[in-house]
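This report concerns only the one structure given below.
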């Protein structure tokens, strides 16, 4: 084995470990009894083992409300996002003179230039009156230009003959899109849906800006408030003296858990999406 | 929202030009009763399907992307909530004056540029290096496993990253952390990280590399896969070592991909990574001297003082400079490679 290959194994191995270790530490910490955690800090193996934190947070209502809010944002947001993105991407990929090019530029400009925080804040709170609505978290990020272009590059690969034959049979644009294009596009639909789902699941900035009603705090916002304020952890627990540090870690696990569980199944779609996006460039 | 959708849908046909190709395809077909003729091209009823498909996204961009751009007029106003965007009195350039003379500007602009330059070079560099290394690994299972592992951090929210970082730098309840344990093991004194602004640019860079190194390596690996095998066969015949092939064949062929990613990054260089920096630093003022960037400053100014005018002025300044930077980067890139323009 050459030196470079050996170095590669070690380097990639170390990076891989570094990527995983924080997850393990937080998981182990969340299962370590509060007394040990607060005296010895993090350890690689939970001892003494304790599920008190999970029992505490899941017996309260806060976590369930937060899951509800996050799920709503993720599911509704992803559905809207995929619908809007697919429709636009299809029209761009049709290569119609002026229209497609114009829409491509129209979608590209927001990648370069943005109005920034203040106008968005005024728009959402004053003009649309969406303060304390979960749609205030969903709508500002419902179309990602990058994913539009990922989908365009997939749509361009659909053979024109199929579409032409449908046209000869008299199918309209809507019919072609829904009955021919979408069924052919399941792989790319999965890709962009997953990218959107992760974005919505992880979003906390818009929640921080627009949501002040703690009953509809999404998970990320609950977690954020716990960083700055430990008493928030007390609020999470059902009753009695709560293991505060342990709860913070358990809440972290509860927040990333669903993503980590879905990751093994979803990973190849993400890789595919990035590959589509990259070869487009 | 449905109301707005309808409005714009009705308004769009005037804006969208009819499709010449659609008309050429079926010149003999007569449009339905409602169709009109313009520049020799006719709208068929079927084509309205395209408008319907694109409408939701068009509405989104108009309202949430172009709307706020227009909303930047607030930068020239003495904005107050009651009068709104349309009723607030004009303030000329006083909002800009306030920011540029506040004495904070130099530090914040410098932080933004320095941090983003660090992030961009470090993450892209790590991505290339990691891709080259992953490419050396022969066992399919090991390679796939490692690729999955390095890609995971990309899916974690800034908040969770901030909690991970605390585990390393502060420990439980701020009583040490793993990094300090390691320092102590080498007989070095502990560092109170969250009160020391000096090392933070590097800490944040390491966090960014952790977060995005794997993501970029996936993109670069895809580019490596598309390199034809013959190139390497030729290399082998000429007696090149693996290291030489990585350095002299793979790396140069990754340049176009790297250029596109760099360009996108340069375009964003004036925008701080608000999510990550705010999640990690928050309102910890001790660290502001090295970590406060335009975005975090704007957010605090808005939140603490409710000063819409000044913050919008900063936002406008940021957008304009950012836009100029992208245009320069695009120009530079167009000059050097015709192939890989982004659009």
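The values are calculated or read from the model by the stated rules, or taken from the named source; none is laboratory data. Fair warning: this is a prediction, and the values are worked out from it, not measured in the lab. Please note: Cβ atoms are built from the backbone with ideal geometry, for glycine as well, and neighbour counts cover all protein chains shown.
Among residues that are facing chain B (nearest Cβ under 9 Å) and either surrounded by 15 or more Cβ atoms within 10 Å (Cβ to Cβ) or modelled with pLDDT of 85 or more (or both), residue A:119 is included. None of B:218, B:209 is crowded, with 22+ Cβ neighbours inside 10 Å, within 8 Å of chain A (Cβ to nearest Cβ), under 21 Å from the mean Cα position of the chain (by Cα) and touching a residue at least 12 places away in the same chain (Cβ under 8 Å) except B:218.
In the set B:142, B:188, only one residue is closer than 30 Å to residue B:254 by Cα, in the same structural domain as residue B:224 (by TED's automatic domain parsing), in contact with a helix residue (DSSP H, G or I) (Cβ under 9 Å, 6 or more places away or on another chain) and surrounded by fewer than 17 Cβ atoms within 10 Å (Cβ to Cβ); that residue is B:142. Can you find even one residue in segment B:111-125 that is over 23 Å from residue B:259 (Cα atoms) and either outside the structural domain of residue B:302 (by TED's automatic domain parsing) or modelled with pLDDT of 90 or more (or both)? The answer is yes; a qualifying residue exists.
Just one of the numbered conditions (1) within 13 Å of chain A (Cβ to nearest Cβ); (2) surrounded by fewer than 22 Cβ atoms within 10 Å (Cβ to Cβ); (3) free of Cβ contacts under 8 Å to residues at least 60 places away in the same chain; (4) closer than 29 Å to residue B:287 by Cβ is not true of residue B:156: (2). Filtering segment A:51-71 to residues that are within 15 Å of residue A:257 (Cα to Cα) and outside any helix (DSSP H, G or I) leaves nothing. Inspection of segment A:84-101 identifies at least one residue that is out of contact with any strand residue (DSSP E or B) (no Cβ under 7 Å at 6 or more places or on another chain), part of a helix (DSSP H, G or I), surrounded by 17 or more Cβ atoms within 10 Å (Cβ to Cβ) and more than 10 Å from every other protein chain (Cβ to nearest Cβ).
Every residue, every condition in (1) crowded, with 16+ Cβ neighbours inside 10 Å; (2) more than 25 Å from the chain's Cα centre (by Cα); (3) more than 9 Å from chain B (Cβ to nearest Cβ); (4) not in a loop (DSSP other than H, G, I, E, B), yes or no:
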{"residue": "A:187", "(1), (2), (3), (4)": "no, no, yes, yes"}
{"residue": "A:197", "(1), (2), (3), (4)": "yes, no, yes, yes"}
{"residue": "A:207", "(1), (2), (3), (4)": "yes, no, yes, yes"}
{"residue": "A:221", "(1), (2), (3), (4)": "yes, no, no, yes"}
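Among the candidates A:124, A:148, the residue that is within 10 Å of chain B (Cβ to nearest Cβ), more than 30 Å from residue A:212 (Cβ to Cβ), touching a helix residue (DSSP H, G or I) at 6+ places or on another chain (Cβ under 8 Å) and in a helix (DSSP H, G or I) is uniquely A:148.
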